[in-house]
Amino acid sequence: MSFTQMDGEKMYRSFLSGANKVISEKQVLNDINVFPVPDGDTGTNLASTMLSVIDESKADTTVKKTLESIAQAALIGAKGNSGIIFAQYIYGMSMGVGDEDRELDLEKFADSVAKAVPHAYEAIENPVEGTMITVIKDWSDSISQKWKKSKDFHELISESLKDAMRSLKDTPNKLKVLKDNAVVDSGGKGFVHFVEGFLEFVKTGQMVKSVESTYVPKIADHAHDVHEELRYRYCTEGFIEGTLDLKAIKQDLKPLGDSLIVAGGVHKSRIHIHTDEPDQVFIKLRKHGSILQQKADDMKRQYQTIHEKGASIALVTDSIADLPKEIIDRYKIHMIPLQLMIEGAAYLDKVTITSETFYDLLDEVETYPSSSQPNFAQVKSYLEFISEHYESIIVVTVAKALSGT
């Protein structure tokens, strides 16, 4: 299929084809995930982001509105470093397109991807080269350099994909942990797969089908020998809305951890940080806007589940058990937090809110907090992850008569 003008419908279908390709490679991406932490979830996080694009975005009459819809869907569903960086890059693309552009020619497309790169870099507190952001930049640079010599979108995306693949292949030379484990960057590889799927629609007019790869990892492919010490325990994410000062949010959160990303715009933002104090992250965020979503994954427990579980049976309980942290850690118990509803925000009991912060907030809120059972989708996802690594699971929760958990 040959065309030199990309309208909203073509852009939309190209993105969905790219999203489906990433979802199909989820397990491969999980398996080579060693940076920033070897928690084996880059594929899962990117797949979640892409599913949100598929489910929540729509084509519009202009390319800008189509990209804005895709960017908003990606931002809402973004998970992990890679998912949020991807979402911010698409947000930057939407910002680089004119309000009335019903179609993009090769030059305007190249201009939009070039303008998106600074948006992605600015969202990251400490960009690390040799990762997804590098592959995105190199692909965008290739588009900028080659659009004049390309006869149509097929040729432009095909040629730029070659440069993205070269950039991906070079990631171990820029990041030692990748070279030590003989892998390329997982997030970068995810972006290359996205471009592959994007190209498939541009080339054939047919979208890649979302069928998960039949790839079965070999022992040598796994990062079993990664013993990099985690600096911080919780991969923490929040989604907030309001009149937002993104620089002020960065300044507030920077002392609490690393891998800080503040993505989005002045009305809605998704925040990612690795920290030991997820409760303090949300105490600070509530001062900036209304908290719409909260997440705090225990990366230490994730790593142990994959590499150091020590038993074939997993023990799962909920936060009502009120087990001391040292007992949970000693026996590698998996804890599902209940939700505490405070000012419309669902805090995760003993994770994004502690007893101390709970009692501090009581003096500030007008409506007394309430509790609710864990989100079904989150519980399902958590148990599916555990089931992939244990032979059996024993779940001990609060009595049925006391809670719906």
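What follows draws every value from the coordinates through simple rules; no lab data is involved. The structure displayed is predicted, hence computed values, not measured ones. Note that each Cβ is placed from the backbone with ideal geometry, even for glycine, and that neighbours are counted across all protein chains shown.
Please report the antiparallel percentage of DSSP beta bridges with both residues in the chain, rounded to the nearest 5.
Roughly 80 percent of the beta bridges in the chain run antiparallel, per DSSP.
Farthest toward the dipole's positive end in the chain, which of Y89, W139, L362, given Cβ charges of +1 (Lys, Arg) and -1 (Asp, Glu) about the Cα centre?
Ranked along the dipole, the leading option is W139.
Sort segment 111-193 into rounded, prolate or oblate with this rule: let a ≥ b ≥ c be the square roots of the eigenvalues of the Cα gyration tensor; rounded if a/c is under 1.5, and if a/c is not under 1.5, prolate when a/b is larger than b/c, oblate otherwise.
oblate
List the relative contact order of segment 107-204 as a percent without decimals, with contacts defined as Cα pairs under 8 Å and 6+ residues apart.
Computed value for segment 107-204: 32 percent relative contact order.
Looking only at GluC sites (Glu not before Pro) in DSSP loops with at most 13 other Cβ atoms within 10 Å, what is the longest site-free stretch of the chain?
Of all site-free stretches, the longest is 1-99.
Which of these, T44, T62, T243, has the largest mean-square fluctuation under a Gaussian network model of the chain (Cα springs below 10 Å)?
Among T44, T62, T243, the largest GNM mean-square fluctuation belongs to T243.
How large is the charge dipole for segment 6-209, taken about the Cα centre, if only the Cβ atoms of Lys, Arg (+1) and Asp, Glu (-1) carry charge, to the nearest 20 debye?
Using only the charged Cβ atoms, the result is roughly 440 debye.
So what is the relative contact order of the chain, in percent, for Cα pairs below 8 Å that sit 6 or more residues apart?
Relative contact order here is 16 percent.
In whole Å, how far is the Cα centre of segment 299-341 from that of segment 118-172?
One Cα centre to the other: 40 Å.
Towards the positive end of the charge dipole of the chain, with charges on Cβ (+1 Lys, Arg; -1 Asp, Glu), say which of F109, A346, T66 has the farthest Cα.
Positive-most Cα among the choices belongs to F109.
List the residues, sorted by chain then number, that are 5 or more residues from S371 or on another chain and whose placed amide H is less than 5 Å from its amide H.
M341
Could you tell me the largest-minus-smallest coordinate of the C-alpha atoms of segment 6-209 on each of the three principal axes, in descending order and whole angstroms?
47, 35, 33
Binned at 5 Å from 0, what are the whole-percent values of the Cα-Cα distance distribution for segment 235-282, short to long?
5, 24, 37, 23, 11, 1
Please report, in debye to the nearest 20, how large the charge dipole of the chain is about its Cα centre when each Lys and Arg carries +1 at its beta carbon and each Asp and Glu carries -1 there.
Here the chain has a charge dipole of around 780 debye.
What does the charge add up to near G130, with Lys and Arg as +1, Asp and Glu as -1, over the other residues with Cβ less than 14 Å from its Cβ?
Its environment carries a net charge of +2.
Name the most mobile residue of A314, A296, A116, meaning the one with the largest mean-square fluctuation, in a Gaussian network model of the chain with Cα contacts below 10 Å.
Judging by the Gaussian network model, the answer is A314.
For the chain, modelled as a Gaussian network with Cα springs under 10 Å, which listed residue fluctuates most, V28, V262, V395?
In this elastic network of the chain, the residue with the biggest mean-square fluctuation among V28, V262, V395 is V395.
Percent relative contact order of segment 37-159, based on C-alpha pairs within less than 8 angstrom and at least six residues apart?
20
Residue farthest toward the positive end of the dipole of segment 6-209, with Cβ of Lys/Arg at +1 and Asp/Glu at -1: which of N181, A120, F198?
So the residue we want is N181.
Looking at segment 147-189, I'd like the Rg to Rh ratio, where Rg is from alpha-carbon atoms and Rh is Kirkwood's inverse mean 1/r.
1.18
Relative to the longest principal axis of the C-alpha atoms of the chain, give the angle of the C-alpha long axis of helix 42-56, reported between 0 and 90° and rounded to the nearest 10°.
Here the helix axis deviates by roughly 70 degrees.
Longest exposed-loop-site-free stretch of the chain, with trypsin sites (Lys or Arg not before Pro), DSSP loop and at most 12 other Cβ within 10 Å?
Answer from the scan: 288-399.
Normalise the Cα radius of gyration of segment 92-141 by 2.2 N^0.38 Å (N = residues in it) and let me know the number.
In units of the 2.2 N^0.38 Å rule of thumb, it is 1.24.
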